[in-house]
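Novice: Quick one: this structure, given as C-alpha cells, is what I'll be asking you about.
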C-alpha cells in the first residue's frame with residue numbers, strides 16, 4: 001500500500017532478475033528526457049518544410065556541397081569521389097570544375113552508409129535523410145559527453161554535461177535540421193576521442209582494457225581527422241596535455257604505449273585521405289606529435305638507473321634532435337606551413353589582412369558579449385567548476401583545465417569555434433553545479449544541524465537554508481534555459497533552433513511563431529532556373545550562392561563556398577563592381593558567350609510605412625546591397641592582374657590604400673541617412689544598376705497597392721545588356737515579413753546587343 005511508481009519499477013526489474021537502484025532509474029529517465037529534448041528542439045525548423053511532398057531542405061550553403069558528395073557515394077560507391085579517378089563536378093567552378101576528391105569523407109560516408117541501411121526498409125528522400133541526420137548524431141554526441149562527464153565527476157555531472165551540450169546555442173545551431181556539415185562528425189569525433197583517450201590513460205584499468213581504449217581512441221581521432229579540419233585542435237590539445245603530465249612528473253610506461261597506439265593509428269588512417277596525404281604528417285600543426293613522442297621516449301629512458309651525466313647527455317641529444325629535425329625539414333621544404341585556417345585561429349589578425357577570409361561572418365573575431373549570449377548565467381557555474389578543478393588537480397582535471405583554456409581562446413578568436421568550447425563548458429559547468437549543490441544535499445540528508453565554521457564564529461545553518469540554496473540554483477538554471485533574459489525572454493535554445501532553413505527564409509532574419517509560411521523568393525528562383533535553364537548554362541552570382549545555383553537550381557556556377565580559387569572570386573567581384581562594358585568583356589574573354597547566359601543578384605529591401613498606404617523603400621543590407629563592399633575589397637587583390645590583362649585601365653582601377661578602403665572609390669556613407677551615397681563611378685557599376693533596377697521594379701510592381709518612395713532616390717537606368725529574366729519576390733506585401741522584402745533578380749545577358757555595340 002502506498003507503493004510509488006519508483007518502487008514499482010524497482011520491483012519489476014527485480015522480478016526479471018535485474019537489480020536496479022532507484023537512483024539509476026531516475027538517472028536513465030533524466031538521460032532519456034535530455035535526449036528527447038536534444039532531438040525535438042533540433043527538429044523545430046521542420047515546421048517550414050514541405051512535409052506533404054516528403055522533402056526537407058538543407059540549411060545554409062556548405063551542406064549542399066556535402067549532399068552532392070553523399071549522393072555520388074550512394075550512386076557509385078563510397079570510394080567513388082576518390083578512386084579510381086578523382087570526381088570533377090563540372091557544374092561547379094566553371095570552366096575547370098571542382099575536384100571533389102579534395103574533400104573530407106567522414107560526413108558523406110557516414111550518411112551514405114546509414115542511408116543504405118535505412119533504404120532497406122523503404123524509399124527515403126536522400127536530402128531529407130541528410131537534413132535529419134545531424135539531429136540524430138547530436139543526440140549521440142550528448143550521450144558520449146554524458147559518459148565523459150560521468151568519468152570526470154560522477155553520474156550527476158554527466159547528466160548536467162549532456163543537458164548543457166544539448167542546449168548549447170552554437171552546437172544546436174550547427175546540428176539542427178538541415179545543417180549537414182563538418183561540425184556534425186567533428187563534435188562527435190571530439191567527445192568520443194576524449195572519452196576513449198582518457199580511459200586509456202586510467203591507471204586503474206587492466207593493460208588489456210587500456211590497449212583496447214587506445215585503439216578506440218585512435219579510430220575516433222581518425223574519424224575526427226577525416227571529418228573536420230578542427231582536428232588540429234584536439235591533436236594539439238592532447239599533445240600539450242601529455243607534455244604537461246611529463247613536466248609534472250606523472251609519466252608512466254602505459255602513457256608511452258597508449259600515446260603511440262592512439263596517434264600512430266589515427267595518423268596512419270588520416271593520411272590515406274587524398275585531401276590530406278602524407279604532407280599532413282609534416283604540417284606544422286602535426287609535427288609536435290612526433291616531438292612529444294621523443295619526449296616520452298626520453299622520459300622512459302630516464303626511469304632507468306643511469307648516471308646523472310648520462311641523463312644530461314640524453315636530454316641535450318633529444319633537444320638537438322628535435323630542433324635539428326624541424327630545421328632540416330624547413331630548409332629542405334618538406335615542412336609545410338601550418339594549416340591555413342589553424343594559423344589564422346592562433347593569430348586572428350591574419351584574417352583581417354585577407355578580404356576573402358574576413359568577408360565570412362562566422363570567421364570573425366568573437367566579441368565578449370557573444371559568450372554571454374551563448375552561455376548566459378551558467379557562466380557562473382563554469383567559473384565555479386574551474387575552481388573545483390583547480391582544487392583537485394588530477395590528470396583528468398588537468399586535461400579539463402587545458403581543454404577549457406585553449407577552447408576558450410579558439411572560441412574568442414573565431415565565432416564559428418564556439419562549438420569547440422561547448423563540450424568543455426558543458427562538463428565544467430556541470431562540475432560547478434554539482435560542486436555547489438552537493439554540500440547542501442548532504443546537509444538535507446543529515447538529521448542534525450550542520451556546524452559551519454567561519455573566521456570569527458560558528459554559524460548554525462538549518463536544513464531550510466540548504467533547501468533555499470538548492471532552490472536558488474535550480475531557479476538560476478531554469479531562468480537560463482527557459483527564460484533567457486539575454487535573448488528577450490525566449491529560451492536561447494529555441495531562439496537558435498526555431499527558424500526556417502536559410503533558403504526557406506530567403507536568408508532574411510525571420511522565424512518563430514510570427515512566420516506562418518516559407519519565404520518563397522529563393523525557392524521560386526531556383527525552381528524557375530530548373531524549368532527554364534539548361535544544366536550547361538552558367539549563372540554569374542556572388543560566391544555565397546553557388547551551391548544553391550548548382551545543387552538546387554541545376555545550373556552551372558562560377559564559384560561557391562569552397563573558395564578553392566581566389567582568382568575566380570576576384571573576377572566575380574570585378575564583374576559586379578565594373579561597368580557593363582568592362583564586366584561583359586571579362587565574361588566574354590574569360591568564360592565564353594556560349595555558356596554564360598545569366599547574371600543574378602540577391603537584394604533585400606525594407607518597406608517603412610509613412611502614411612496611409614504610403615511606404616518608403618530602402619536597402620535592408622541582408623543581401624548583396626550589404627555584400628558589394630566585399631566585392632570591391634576582394635577584387636582589389638587581383639587589380640594588378642586585371643590591369644595587365646587589359647580588363648581595366650589604371651585610371652579606372654580601385655584599390656585599398658593606407659588612407660582609404662576600396663569601397664570609397666564608389667561613394668561614401670551618408671552620416672545623416674545612414675545609407676550609401678553612390679558617386680558617378682558607383683552609379684556606373686553593374687552592382688548598382690542591378691540592385692537599383694530590382695528595387696525600382698518592386699516599388700512599381702508590388703501586388704499590394706499604394707505609393708512607394710525609393711531611397712536613396714538616385715536615378716537608375718535600365719541595364720543595357722542585362723535584361724530582366726525573372727524577379728522573385730516582387731509580390732511580397734510590405735508587412736508580410738515584418739517589412740522585409742527579399743528579391744532574387746535573374747537577368748539574361750543580351751549577347752546580341754553587346755556584340756552589335758562592340759563589333
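All of the numbers you see were taken from the coordinates with simple rules; none came from a lab. Everything numeric in this text was worked out from a predicted model, so none of it was measured. Glycine gets a Cβ as well: all are built from the backbone with ideal geometry, and neighbour counts include every protein chain shown.
Novice: Within a 10 angstrom radius of the beta carbon, how do 128, 673, 70 rank from fewest other beta carbons to most?
Specialist: With the sparsest Cβ surroundings first, the list reads 673, 128, 70.
Novice: Can you tell me the length gained on complete extension of the stretch residue 567 to residue 114, counting 0.36 nm per residue apart and subtracting the Cα distance?
Specialist: Once the chain is fully extended between residue 567 and residue 114, it gains 159.3 nm.
Novice: While we're on this one: Over the Cα atoms of the range 71-146, how large are the radius of gyration and the largest Cα-Cα distance (Dmax), in Å?
Specialist: 14.8, 49
Novice: Ok, one more. State, to one decimal in nm, how far the label point of residue 608 lies from the label point of residue 40, with both points 7 Å from Cα in the Cβ direction.
Specialist: Reported label-point gap for residue 608 and residue 40 is 4.2 nm.
Novice: Another question, if that's okay. I need the calculated FRET efficiency for the pair residue 659 and residue 269, taking r as the beta carbon distance and R₀ as 56 Å, to the nearest 0.05.
Specialist: About 0.60, to the nearest 0.05.
Novice: Calculate I(q)/I(0) for the range 618-759 by the Debye formula, one identical point scatterer on each C-alpha and no solvent, and give its log10 at q = 0.15 Å⁻¹ to two decimals.
Specialist: -0.89
Novice: Which order results if 147, 722 are arranged by neighbouring Cβ count within 10 Å, fewest first?
Specialist: Lowest to highest Cβ neighbour count: 147, 722.
Novice: For residue 244 paired with residue 536, estimate the spin-label separation in nm (one decimal), with each label point 7 Å from Cα along the Cα-to-Cβ line.
Specialist: 6.0
Novice: What is the Cα radius of gyration of the range 40-182 over 2.2 N^0.38 Å, N being its residue count?
Specialist: Dividing the Cα Rg of the range 40-182 by 2.2 N^0.38 Å gives 1.20.
Novice: With a cut-off of 17 Å, note down the residues of the range 705-741 whose backbone N falls inside the zone around a label point 7 Å from the Cα of residue 670 toward its beta carbon.
Specialist: Backbone N within reach: 708-717.
Novice: Over the C-alpha atoms of the range 494-538, what are the Rg and the largest Cα-to-Cα span, Dmax, in Å?
Specialist: When restricted to Cα atoms, the range 494-538 yields Rg and Dmax of 13.6, 42 Å.
Novice: Oh, and also: Along the three principal axes, how long is the range 22-113 when you take its alpha carbons, biggest first, rounded to the nearest angstrom?
Specialist: 63, 31, 20
Novice: If R0 is 51 Å, what FRET efficiency do you get for residue 711 and residue 377 from their C-beta distance, rounded to 0.05?
Specialist: The formula returns an efficiency of 0.75 here.
Novice: Working out 0.36 nm times the residue gap between residue 756 and residue 301, then minus their Cα-Cα distance, what length gain in nm do you get to one decimal?
Specialist: 155.6 nm
Novice: Could you work out how far apart the two model spin labels at residue 279 and residue 594 are, taking each label as a point 7 Å from the Cα in the direction of the beta carbon, and quote it in nm?
Specialist: 3.4
Novice: Once the piece of chain linking residue 680 and residue 720 is laid out straight, how much longer is it, given 0.36 nm per residue of separation minus the C-alpha distance between them?
Specialist: 12.7 nm
Novice: Go ahead and run the numbers for FRET between residue 24 and residue 125, Cβ-Cβ distance against an R0 of 35 Å, rounding to 0.05.
Specialist: According to the calculation, E is roughly 0.30.
Novice: How would 44, 188 line up from fewest to most surrounding beta-carbon atoms within 10 angstrom?
Specialist: Ranked by crowding around the Cβ, least crowded first: 44, 188.
Novice: I want to make sure I understand the PRE zone here: with the label point 7 angstrom from the Cα of residue 207 toward its beta carbon, which residues in the range 236-253 have backbone N atoms less than 18 Å away?
Specialist: Residues 252-253 fall inside that zone.
Novice: Shifting gears a bit: Let me check I have the definition right: for the range 512-757, take the eigenvalues of the Cα gyration tensor, multiply each by 5, take square roots. What are those semi-axes in whole Å, largest first?
Specialist: Equivalent-ellipsoid dimensions as semi-axes: 29, 23, 16 Å.
Novice: Please list log₁₀ I(q)/I(0) at q = 0.12, 0.13, 0.15, 0.26 Å⁻¹ for the range 534-599, using the Debye equation with identical point scatterers on the alpha-carbon positions.
Specialist: Log-scaled intensity ratios, in q order: -0.27, -0.32, -0.42, -1.21.
Novice: Using a 10 Å cut-off on Cβ atoms, rank the peptides 216-223, 545-552 from the highest mean neighbour count down.
Specialist: Per-residue mean Cβ counts within 10 Å order the peptides as 545-552, 216-223.
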